[in-house]
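Structure first, commentary second.
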Amino acid sequence: MDKFRMMFQFLQSNQESFMNGICGIMALASAQMYSAFEFNCPCMPEYNYTYGIGLLIIPPIWFFLLGFVLNNNVSVLAEEWRRPTGRRTKDPTILRYMFCSITQRSLIAPAVWVSVTLMDGKSFLCAFSVNLDIDRFGNASLVQGMSESERIKLLARIPCKDLFQHQEIRAAASRYIKCISQACGWMFLLMMTFTAFLIRAIRPCFTQAAFLKTKYWSHYIDIERKMFDETCKEHAKSFAKVCIHQYFENISGEMRSFHFRRSSRDGSDDDSEDKKSDEEKLLGIRAQDDMNKVLWNWHTCKPALALRKDE
């Protein structure tokens, strides 16, 4: 249990590195899922385009939403956005910075999926095979005498090796569409890389002061919430300990006095120090109604960010 607790505390203290690791794992998972995915084009004119484009769009949307679900800062962002103003004003730039940071991490896995899908080219072949001009690939007599619907049905079978008999035409058409798909994949990677460069390198150069301010206060909001949760846990632990001690004092006074007579020689000092420490951790809040009021006030009216100097 101590090892798990230490690991949990490490992940909490290094949340940014942890979230970067999660994004990396999701990116690898998306690539692995695609390699394990069995691509089955329906080879029907009514469904080829929907299946091919759906494979290119729907999984990235799922990965994008999953990135938001796995990111702990989403709850911090929602809480900061929906909280009453109270004594502390809400800065839209901080909320925008937090949202952009979450979005950037969530886009990694979808970008990997789209890149791998375009580089493979199967979805493009399934979606756009009916738009091919088969005369470019030789044997124009293959479609002579066919109606438009029959020609489209024939072209829709190109992605299916076992349904299209003319393998030479199928191979040439597949190479042609996969070449276009890979070109789109490289253009997509170039666009994503250039956009990431603009966001991470150029933006702080023009608005360095505003960038540092929003970054500082976004970190402050995250750290404040963690410390508030830790303080609540410590208070709840001390509250429960004192409550249990008082319960046993009221119910079994004689047993407690007997227990203290036996342990007074070796543990009286330690017990008194522990009791004093628990009393200090209560911070003067010793009733359920008082604690509920404190929690309600923290939500509705957070203190202003102007610290007083202790004398």
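The values are calculated or read from the model by the stated rules, or taken from the named source; none is laboratory data. In this text the structure is predicted, and so the values were computed from the model without any measurement. Here the Cβ positions follow ideal geometry from the backbone for every residue, glycine too, while neighbour counts run over all protein chains shown. Surface accessibility is based on the protein's heavy atoms, side chains included, excluding ligands, DNA and RNA. Shrake-Rupley method; radii C 1.70, N 1.55, O 1.52, S 1.80 Å.
Worth a mention:
- All Cα pairs of segment 21-207, percent lying beyond 21 Å: 61
- By accessible area with a 1.4 Å probe, ligands and nucleic acids excluded, highest first: order of K226, K161: K161, K226
- Applying 0.36 nm per residue to the separation of Q32 and L295 and subtracting their alpha-carbon distance, the gain on full extension is 90.2 nm.
- Exposure ranking of M227, M33, M26 by accessible area [1.4 Å probe, largest first]: M227, M33, M26
- Across K90/K241; K226/K281; K213/K293, pairs whose alpha-carbon gap is larger than 29 Å: K90/K241; K213/K293
- Accessible heavy-atom area order of H235, H166, H245, highest first, probe of 1.4 Å: H245, H166, H235
- The length gained by stretching the chain between F248 and V69 to full extension, at 0.36 nm per residue less their Cα-Cα distance, is 60.0 nm.
- Electrostatic dipole magnitude of segment 21-207 [Cβ: Lys, Arg +1; Asp, Glu -1; Cα centre; debye, to 20]: 860
- For Y176, the accessible area of its heavy atoms, probed at 1.4 Å with every protein chain present, is near 90 square angstrom.
- Net length gained if the chain between N40 and F211 were fully extended (0.36 nm per residue, minus Cα distance): 56.8 nm
- Residue-level accessible surface for S35, protein heavy atoms, 1.4 Å, Å²: 80
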